Amino acid sequence: MTGNLRLLTPIECERLNDLKDDWTNTGMPEKFRYLTMGNALVVPVVERIGERLLEFVWNKMIVGMSRGISSGNIRDVAENRFD
């Protein structure tokens, strides 16, 4: 290893975005390929964030119910305001 940095190739960026190799290779310049991938959302990452948020809220609601909360504002549940 030289310790030098290098740019990722378009194919490496596509793989990080969970796209097939050369998916953005439509004849546009490389700079635009990078731009399109930079504006994309990585679906598996977004799914994982959603799963974790759901798990967090669900756990907070269970804690709230165990303290006698039957319903209420989700923000109150998430911030542990059970008055």
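Quick note: the coordinates plus some simple rules give every number you see, no bench work behind them. These numbers were taken from a predicted model, which means no experiment stands behind them. All Cβ positions, glycine included, derive from the backbone under ideal geometry; neighbour counts span all protein chains shown.
Subtracting the Cα-Cα distance of Leu41 and Trp58 from 0.36 nm times their residue separation leaves 3.6 nm of extension gain. Using the Cβ-Cβ distance between Arg15 and Glu51 with R0 set to 30 Å, the FRET efficiency works out to roughly 0.85. Estimated from the Cβ-Cβ distance and a Förster radius of 22 angstrom, the FRET efficiency linking Phe32 and Asn4 is about 0.25.
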